[in-house]
Amino acid sequence: MIEKSIFKKALLDSVLSKIHEIENSDLPYVDTDEGYDNRIFDLIKGRNMASGISFRNRLKIGIIAAILICLTMIMSITAIRSNSVKLLTNAHKEYFEIIVTSDSNTFPTNIEKIYIPSYMPESYELKAITKRELFTQVIWSNNSYNIRLQQTIVSKNTNIHFDTEHSKLEYAVLGGYELYCVNAEGNRYVSWITEEYSFLLVCPSDIEFSEIEKIIESMESQEG
Amino acid sequence: MLSLYLSMLDEPESNKRLTDIYLENKAWMLRLANSILRNEEQAKDAVHNVFLETVKLFRKSPKKASEISKPFLYVAVKNSCFSLVKDTQRTQVISADKFLNLGSYENVEHIVETRDAYKQLMNFISSMPEIYSDVLVLKYIYYLSINEIAAIVKVSSTTVRTRLKRGKKIITKRFGGIL
């Protein structure tokens with residue numbers, strides 16, 4: 001007889017392994033235009049367009065929560081700067097929370113500058129770029145694994161949770177930027193927030209952190 | 001019809017959750033759909049239909065819907081594709097195994113022996129026909145009702161019950177049942 005909890009976990013893991021195969025396969029990507037994405041967003045949001053887009057993933061068995069890295073050039077994580085983004089952090093028992101707030105309403109309403117790294121680890125080639133009004137996604141691939149960079153606008157009261165119940169949240173400082181990292185399911189999730197955008201870099205866990213540093217440091221802006 | 005669904009999601013939390021789900025998963029969902037349908041436009045329709053059903057689930061059972069994750073989307077996309085195929089080819093139902101090479105069915109007696117019992121269980125589940133494992137996933141992981149499962153896999157409630165029964169029978173035959 002199998003215990004129900006074990007059976008459930010095996011069910012989950014068997015499907016997740018199939019999804020992992022898809023994500024790392026050479027199946028062609030399907031590009032979507034802005035109209036398609038807007039159809040989905042209209043379907044999801046209905047009349048309420050006020051809420052911003054934030055990365056908030058819940059970690060369940062076999063599923064990793066996305067990590068957001070708070071990145072400011074001048075201030076520390078709890079410092080306050082007038083007329084700029086204020087980041088408040090709270091450490092709870094099961095999750096770590098970052099709340100974006102500001103005294104002024106200076107957040108962008110669309111992606112004005114796209115940040116793309118000029119450096120990638122050897123063998124990774126640019127695979128796909130998705131540009132939308134509120135987010136961009138760039139994917140590199142070496143035919144076995146993908147590296148993905150997502151950029152979205154932040155807005156007042158953007159709220160990000162890191163599920164720390166099932167994985168260890170690591171903190172690092174890189175060139176004055178504060179990074180929060182999580183390793184899970186063979187991937188490393190690295191995220192940070194600037195005054196205008198939030199970034200999420202997802203790459204295989206076996207990529208050295210020194211390589212990730214080079215990727216982040218090589219980010220260059222392009223007009224959106 | 002869309003306007004009906006537009007009024008459904010009034011909760012900002014639900015909006016954020018679903019938007020995040022879309023942004024995080026749309027790439028592999030579209031690739032999966034395209035691999036089944038071999039048509040990008042139909043693949044987009046299939047993924048769109050998945051979110052239509054997901055919005056309905058959010059309206060009906062917000063607590064269950066808040067647990068939606070990758071396995072749910074995987075099952076939903078696959079069955080959305082098969083439903084599209086059935087609609088266009090009414091005289092022929094395409095078998096799940098024919099499209100996907102990701103988990104082919106093996107006879108119970110031919111399961112590879114492994115020392116790790118859990119790995120053996122996982123391999124066995126992966127080798128089951130996906131018509132059975134799909135409903136087991138939606139039932140045991142997401143606690144959906146028979147009718148809710150029927151809406152996702154696009155079959156009748158009776159068929160869902162039959163598939164659940166047969167899926168559990170396969171597990172019981174091999175492992176003696178589920179506690």
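Among the residues making up segment A:15-33, a single one is within 7 Å of chain B (Cβ to nearest Cβ), under 30 Å from residue B:140 (Cα atoms), touching a residue at least 40 places away in the same chain (Cβ under 8 Å) and out of contact with any helix residue (DSSP H, G or I) (no Cβ under 6 Å at 6 or more places or on another chain): A:16.
For segment A:1-14, the set of residues classified as of a type outside the set (D, E, K, R) and at the interface with another protein chain (Cβ under 7 Å from one of its Cβ atoms) consists of A:1, A:2, A:6, A:7, A:10, A:11, A:12, A:14, listed by residue number.
Assess whether residue B:40 counts as being touching a strand residue (DSSP E or B) at 6+ places or on another chain (Cβ under 9 Å), of a type outside the set (A, V, I, L, M) and facing chain A (nearest Cβ under 7 Å). So residue B:40 fails the test. For segment B:123-132, check the following and say yes or no: at least one residue is surrounded by 13 or more Cβ atoms within 10 Å (Cβ to Cβ), under 14 Å from the mean Cα position of the chain (by Cα), hydrophobic (A, V, I, L, M, F, W, C) and at pLDDT below 85. So far as segment B:123-132 goes, no, none of its residues is surrounded by 13 or more Cβ atoms within 10 Å (Cβ to Cβ), under 14 Å from the mean Cα position of the chain (by Cα), hydrophobic (A, V, I, L, M, F, W, C) and at pLDDT below 85. Is there a residue in segment B:81-88 that is under 17 Å from the mean Cα position of the chain (by Cα) and modelled with pLDDT of 90 or more? Taking every residue of segment B:81-88 in turn, at least one turns out to be under 17 Å from the mean Cα position of the chain (by Cα) and modelled with pLDDT of 90 or more. Within segment A:32-41, one or more residues are part of a loop (DSSP other than H, G, I, E, B), modelled with pLDDT of 80 or more and among the β-branched types (Val, Ile, Thr). Is segment A:14-31 home to any residue that is polar (S, T, N, Q), modelled with pLDDT under 70 and out of contact with any strand residue (DSSP E or B) (no Cβ under 9 Å at 6 or more places or on another chain)? The answer is no, given that none of the residues of segment A:14-31 is polar (S, T, N, Q), modelled with pLDDT under 70 and out of contact with any strand residue (DSSP E or B) (no Cβ under 9 Å at 6 or more places or on another chain). Would you please list the contacts, defined by Cβ atoms under 7 Å and residues six or more apart or on different chains, that run from a residue in segment A:119-136 that is without any contact (Cβ under 8 Å) to a residue 60 or more places away in the chain to a residue that is not in a loop (DSSP other than H, G, I, E, B)? If the second residue must be not in a loop (DSSP other than H, G, I, E, B), the pairs left are A:124/A:140; A:124/A:141; A:124/A:147; A:125/A:140; A:125/A:141; A:126/A:140; A:129/A:138. Would you point out which residue out of B:152, B:141, B:170, B:146 is closer than 25 Å to residue B:65 by Cα, in contact (Cβ under 8 Å) with a residue 40 or more places away in the chain, more than 10 Å from chain A (Cβ to nearest Cβ) and surrounded by 15 or more Cβ atoms within 10 Å (Cβ to Cβ)? Exactly one residue qualifies, and that residue is B:152.
The values are calculated or read from the model by the stated rules, or taken from the named source; none is laboratory data. Quick caveat, the model's predicted, so the values are computed rather than measured. All Cβ positions, even for glycine, are placed from backbone atoms using ideal geometry, and neighbour counts span all protein chains on display.
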